[in-house]
């Protein structure tokens, strides 16, 4: 093989080994739907602030999400970033009990900690109405198998916000062990437990090296 061609192939392989994994709103809309209680309406809309298409989620007493299942190597792309916005928060009294476990925007990370369904672990990043940023708590339905982590607290201005998380660090902090791979990423807007309404927006989910 010609040396220049071999060099080019090696560079291509090296680049692909550390390639970012990015999802546009259009790609997110094509993720697998999963319903837990009714159907949250997910649709593409034009956002004037961003001047482009975003994913709108409208829940009226429903809870369904969009899931992308694929093993992603956190040694290559440990950072997760995204944008989100809240238009309407659900009406809840206590977000940390079952009747209040509703959020206008959630981003999930799912990891397998063994070979059975019961070994699955999850992190649910949420925009909270009550919890302070960085506060975490066990999901009221599944306990510490799924940990909630508030990244923002409700304020008068609920415009677009950007998030960036080191998944390896978060998983270590919440579950006390190192994980190299995640198995799925998901989004969900839900208002089923409070039987109220929630509206949120998502854009530009990406796994990156730095």
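The values are calculated or read from the model by the stated rules, or taken from the named source; none is laboratory data. Fair warning: this is a prediction, and the values are worked out from it, not measured in the lab. Glycine also receives a Cβ, built like all others from the backbone with ideal geometry; neighbour counts cover every protein chain displayed.
Among the residues of region 121-143, just one is part of a strand (DSSP E or B), free of Cβ contacts under 8 Å to residues at least 24 places away in the same chain and surrounded by 14 or more Cβ atoms within 10 Å (Cβ to Cβ), namely 138.
Would you mention how many residues in region 28-45 are in a helix (DSSP H, G or I) and loosely packed, with under 13 Cβ neighbours inside 10 Å? Count: 0.
Regarding residue 95, is this residue assigned to a loop (DSSP other than H, G, I, E, B), under 18 Å from residue 123 (Cβ atoms) and modelled with pLDDT of 95 or more? Against the criterion (assigned to a loop (DSSP other than H, G, I, E, B), under 18 Å from residue 123 (Cβ atoms) and modelled with pLDDT of 95 or more), residue 95 qualifies.
Residue by residue through region 100-120, note down the ones that are part of a strand (DSSP E or B) and more than 14 Å from the chain's Cα centre (by Cα). Steps first, please.
Of all residues in region 100-120, those part of a strand (DSSP E or B) come to 106-112, 120.
Residues satisfying the conditions are 112, 120.
Would you call residue 139 under 28 Å from residue 41 (Cβ atoms), at pLDDT 95 or above and out of contact with any strand residue (DSSP E or B) (no Cβ under 6 Å at 6 or more places or on another chain)? Spelling it out, it is not the case that residue 139 is under 28 Å from residue 41 (Cβ atoms), at pLDDT 95 or above and out of contact with any strand residue (DSSP E or B) (no Cβ under 6 Å at 6 or more places or on another chain).
If the condition is being in contact with a strand residue (DSSP E or B) (Cβ under 6 Å, 6 or more places away or on another chain), modelled with pLDDT of 95 or more and not in a strand (DSSP E or B), then region 18-27 contributes only 25. Residues that are touching a residue at least 12 places away in the same chain (Cβ under 8 Å) and more than 28 Å from residue 50 (Cβ to Cβ) within region 96-116 comprise 96, 97, 98, 99, 100, 101, 111, 112, 113, listed in sequence order.
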